[in-house]
Amino acid sequence: MHIRIGYKLTYNHPAPTPMLLMATVHHARIGDIITPDVFHSMPSVSVTPYYDAFGNWCTRLVAPVGEIQITTDALIRDSGEPDPVDWDAEQHEVQDLPSETIIYLLGSRYCETDKLSNVAWDLFGNTPKGWPRVQAIVDFVHNHVTFGYHFARSTKSAWDVFEEKQGVCRDFAHLAVALCRCMNIPARYTTGYLGDIGVPVSASPMDFSGWFEAYLGGRWHSFDARHNQPRIGRIPIAYGRDATDVAISISFGRSDLIGFEVTTYEVPEGSTLEQAQQMELARVKAVAEAG
């Protein structure tokens, strides 16, 4: 399966403003890229790329006064298979975990394990360890929290989500991550592309998505508390302790986001990027004419 991915982000700045962007496909999927996931800006600015402490590809720049548009447009190869499910994946004892996973057991800015520990053990202390326990957490969060874009709040934490029972995809992920960590299961927040492939097309505009991964049976596995079903075409951009570590953009000064478009959908195999662009233009035109 081939998937077209990309974005067009437009910002306005009253003064030259340093920015940090984290919007490039994670290097773990670099072998699947068909046409390069190349960063472009208008006006053109000098950029400095680097890997952060979590292995995410980041880009530094200084945005000029006024508007700047940041874009990418690429094709990527995907298996076309839903997220793997492994009910036999075992939970590791803490003393047996690889050292690099320990950070994903600790509390973080949006995942307050101290506040949620008693809640987690009361809810999941008697569930079977391993995959069944993580799935029980996902089921709980999925049923406990109501999704809605109008529930978004940049300061909302896992504890807030638990109490308010409302949120967007990142809030579902934060609560599930925190509950997993409380149960001694390493869990990391993930941001990336997730289109409506194999499911009914959403009427909402495309967006970046947030989900999480749990470390079981010697590897990381994807879980999605918002959708609570295996999905096709999950393309990770970045991993971290929570949304703090994987923000698509960070501005060190006033920055107004005035345009936001995300692209992620299946295209016929063998299509060039130009052909995919033309097909999308034709689709948009047809929808407009029908409306």
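Among D88, D83, which is of a type in the set (D, E, K, R), over 30 Å from Q275 (Cα atoms) and either touching a strand residue (DSSP E or B) at 6+ places or on another chain (Cβ under 6 Å) or open to solvent by 30 Å² or more (accessible area, probe 1.4 Å) (or both)? After ruling out the rest, the residue left standing is D88.
The numbered conditions (1) open to solvent by 30 Å² or more (accessible area, probe 1.4 Å); (2) of a type outside the set (S, T, Y); (3) modelled with pLDDT of 95 or more; (4) under 30 Å from G218 (Cβ atoms) are all true for A53 except (3).
Looking only at residues in the range 237-274 that are touching a residue at least 24 places away in the same chain (Cβ under 8 Å) and acidic (D, E), which one is least open to solvent (accessible area, probe 1.4 Å)? So, considering only residues that are touching a residue at least 24 places away in the same chain (Cβ under 8 Å) and acidic (D, E), the one least open to solvent (accessible area, probe 1.4 Å) is D242. Each residue in the range 105-146 was checked for being within 21 Å of the chain's Cα centre (by Cα), over 12 Å from L175 (Cβ atoms) and not in a helix (DSSP H, G or I), and 5 of them qualify. Determine whether the range 267-274 contains at least one residue that is part of a strand (DSSP E or B) and farther than 27 Å from G66 by Cα. Checked the range 267-274: at least one residue is part of a strand (DSSP E or B) and farther than 27 Å from G66 by Cα. When the range 105-142 is limited to residues that are among the small types (G, A, S) and free of Cβ contacts under 8 Å to residues at least 60 places away in the same chain, the one that is nearest to R188 (Cα to Cα) turns out to be A136.
Among residues of the range 13-24 that are part of a loop (DSSP other than H, G, I, E, B), those with a beta-carbon under 7 Å from a residue that is of a type in the set (D, E, K, R) and open to solvent by 10 Å² or more (accessible area, probe 1.4 Å) at least six positions away or on a different chain give the pairs P14/R254; T24/D37.
The values are calculated or read from the model by the stated rules, or taken from the named source; none is laboratory data. Being a predicted model, the structure only gives us computed values, none of them experimental. Quick reminder, even Gly has a Cβ in these numbers, built from the backbone with ideal geometry, and neighbours come from all protein chains shown. Surface areas here come from the heavy atoms of the whole protein model, side chains and all, with no ligands, DNA or RNA. Shrake-Rupley method; radii C 1.70, N 1.55, O 1.52, S 1.80 Å.
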